[in-house]
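Undergrad: Sharing a structure here in structure tokens format.
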Amino acid sequence: MPEPQTDTQTDPQTLRVSHPREGVTQLTLNRPERLNALDHDLVTTLSAELDRVRDDRSCRVVVLTGAGGAFCSGLDLFGYGDGEPIDEPLAVLDRQRRIAHLTEQLHTLPQPVVAAVDGAAAGGGLALVCASDVRVASTRSVFKVSFITAGYSACDIGVSWLLPRIVGAGAAHELMLTGRLFDAEEAARIGLVARVVEPEDVLASALATAEQILANGPGQVELTKQGMWLALEMPSLRAGIELENRQQVITALTADSAESRAAFLEKRPATYHRR
């Protein structure tokens, strides 16, 4: 197993960026005194880092987590801190779009995103969880749509599209209309998280998932992420199969595909080059 790489800090006040394994970029929301609530600095810094990661071919998996025993408690209601007026609709709309863009960025990254959730994931924090591709939670994690209980619509930051596709419309609609708190056990039961582990194991569990993803070809993983989400938007089985057919032909003709088969037959780890 490769040695952990040196941490780098995009903005030490809001976001820690590290590389715990070769091919893995860990993004740690770092406002523990505010339960990693989203303010202007954190949104701006995280958005810029996601843009950088998108074009980083050395990064094959992203692990998203929070510092200090919380994932993300949502928008910082004590002040967003961008200096924009709060009584001008277009300025507020611009702010809303910048915040919601985080969901789109995570969702469309070519790299899979594994969310390591420990503690609160509410409102915008829940949106970040939903926008991830694999979700692991600790036993002390709690989740909440929360927008509706704060005086807003529950349809925010992509949750109305993502949550029903992850847990089903019935469960999602009840959680959105009530805004109630639910724990990690329920999150696992309805399929929001893949598994629940002890708090001290949540990051290791997420990294173990990352390791399993890294064992597959990078192009194969990218197309699988793209295809599995596109399939949720397709109107028919026929359309889904046609997309799959094209993915299979493209991946089968890559050098990494041949390397994967050779490594399996020779009982050795594969070496991929994304070609």
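The values are calculated or read from the model by the stated rules, or taken from the named source; none is laboratory data. Because the structure is predicted, anything quoted here is derived from the model rather than measured. As a convention, Cβ positions derive from the backbone with ideal geometry for all residues, glycine included, and neighbour counts pool all protein chains shown.
Undergrad: I'm trying to understand the selection: among the residues of segment 205-236, which are within 14 Å of Val61 (Cα to Cα), outside any loop (DSSP other than H, G, I, E, B) and among the hydrophobic types (A, V, I, L, M, F, W, C)?
TA: The answer is Ala206, Leu207, Ala208, Ala210, Ile213, Leu214, Val221, Leu223.
Undergrad: Give the number of residues within segment 101-134 that are in a helix (DSSP H, G or I) and among the aliphatic types (A, V, I, L, M).
TA: Count: 7.
Undergrad: Continuing with this model, one more query. Scan segment 155-203 residue by residue and report those that are outside any helix (DSSP H, G or I), under 18 Å from Gly124 (Cα atoms) and in contact with a helix residue (DSSP H, G or I) (Cβ under 8 Å, 6 or more places away or on another chain).
TA: Those that are outside any helix (DSSP H, G or I), under 18 Å from Gly124 (Cα atoms) and in contact with a helix residue (DSSP H, G or I) (Cβ under 8 Å, 6 or more places away or on another chain): Cys155, Asp156, Ile157, Gly158, Gly179, Phe182, Leu192, Val193.
Undergrad: Follow-up. Applying the selection to segment 233-246, what residues are under 25 Å from Pro164 (Cβ atoms) and of a type outside the set (D, E, K, R)?
TA: Listed by number, the residues that qualify are Met234, Pro235, Ser236, Leu237, Ala239, Gly240, Ile241, Leu243.
Undergrad: Step by step: first the residues of segment 178-231, then only those that are among the hydroxyl-bearing types (Ser, Thr, Tyr) and under 29 Å from Ile250 (Cβ atoms), then the one that is farthest from the chain's Cα centre (by Cα). Which residue is that?
TA: So the residue we want is Thr224.
Undergrad: What is the number of the single condition among (1) farther than 30 Å from Val24 by Cα; (2) aromatic (Phe, Trp, Tyr); (3) under 23 Å from the mean Cα position of the chain (by Cα) that Tyr152 does not meet?
TA: All conditions pass for Tyr152, except number (3).
Undergrad: Can you name every residue in segment 117-152 that is in contact with a helix residue (DSSP H, G or I) (Cβ under 9 Å, 6 or more places away or on another chain), among the small types (Gly, Ala, Ser) and at pLDDT below 95?
TA: Result: Ser146, single match.
Listed here are the residues, each with its yes/no results for (1) buried (at least 18 other Cβ atoms within 10 Å of the Cβ); (2) at pLDDT below 95; (3) not in a loop (DSSP other than H, G, I, E, B); (4) not assigned by TED's automatic domain parsing to the domain that holds Leu109.
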residue: Asn36; (1), (2), (3), (4): yes, no, no, no
residue: Asp41; (1), (2), (3), (4): no, no, yes, no
residue: Thr45; (1), (2), (3), (4): yes, no, yes, no
residue: Glu49; (1), (2), (3), (4): yes, no, yes, no
residue: Val62; (1), (2), (3), (4): yes, no, yes, no
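Undergrad: Continuing with the same structure: What are the residue pairs meeting all of these: first residue in segment 84-113, first residue closer than 16 Å to Cys155 by Cβ and modelled with pLDDT of 90 or more, second residue outside any helix (DSSP H, G or I) and not small (Gly, Ala, Ser), Cβ atoms under 6 Å, and 6 or more apart or on different chains?
TA: What qualifies is Ala100/Ile157; Thr103/Ile157.
Undergrad: Here is a list: Arg98, Arg140. Which entry is surrounded by fewer than 24 Cβ atoms within 10 Å (Cβ to Cβ), part of a loop (DSSP other than H, G, I, E, B) and basic (Lys, Arg)?
TA: Going through Arg98, Arg140 in turn, just one is surrounded by fewer than 24 Cβ atoms within 10 Å (Cβ to Cβ), part of a loop (DSSP other than H, G, I, E, B) and basic (Lys, Arg): Arg140.
Undergrad: Please tell me if Ala263 is loosely packed, with under 14 Cβ neighbours inside 10 Å, out of contact with any Ser or Thr (no Cβ under 7 Å at 6 or more places or on another chain), in a helix (DSSP H, G or I) and among the hydrophobic types (A, V, I, L, M, F, W, C).
TA: no
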